[in-house]
Amino acid sequence: MTPLLPRYTVGSLTGHRYMVKTRYVGEAGDYKRKPLTTWYVYDRLDCYRQIAYFHGFPTRMVPAWLMAHAKARKLERAHRKWLRRRGLL
């Protein structure tokens, strides 16, 4: 029997924010800031639909990557429980 692949996966995207208030990127001073990392939770069985996202702001007590992985684990546990109740696992 092959192992069951996880349904919910985690991915990230790192980059600078787009500033809408100014016409030029240089005016906003964004080039001096560190890039922001956003972590996403995807549903693999639903064409990688985005379930949740977490921004990596430096002021948070819990890192965004940890919150994304925790959300994916919670969703995966609920999905496996649903499969077991129906006798599919």
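Every number in this text was worked out from the coordinates using simple rules, so none of it is lab data. A quick note: this is a predicted structure, and the numbers were derived from the prediction, not measured. Virtual Cβ from ideal backbone geometry, glycine too; neighbours counted across all protein chains shown.
A few remarks follow.
- For the range 57-71, a tally of residues being free of Cβ contacts under 8 Å to residues at least 40 places away in the same chain and either within 21 Å of Gly15 (Cβ to Cβ) or acidic (Asp, Glu) (or both) returns 8.
- Tabulated pairs, the range 72-89, first closer than 14 Å to Arg7 by Cα, second assigned to a helix (DSSP H, G or I), C-beta under 7 angstrom, 6+ apart or interchain: Leu89/Arg80; Leu89/Leu83
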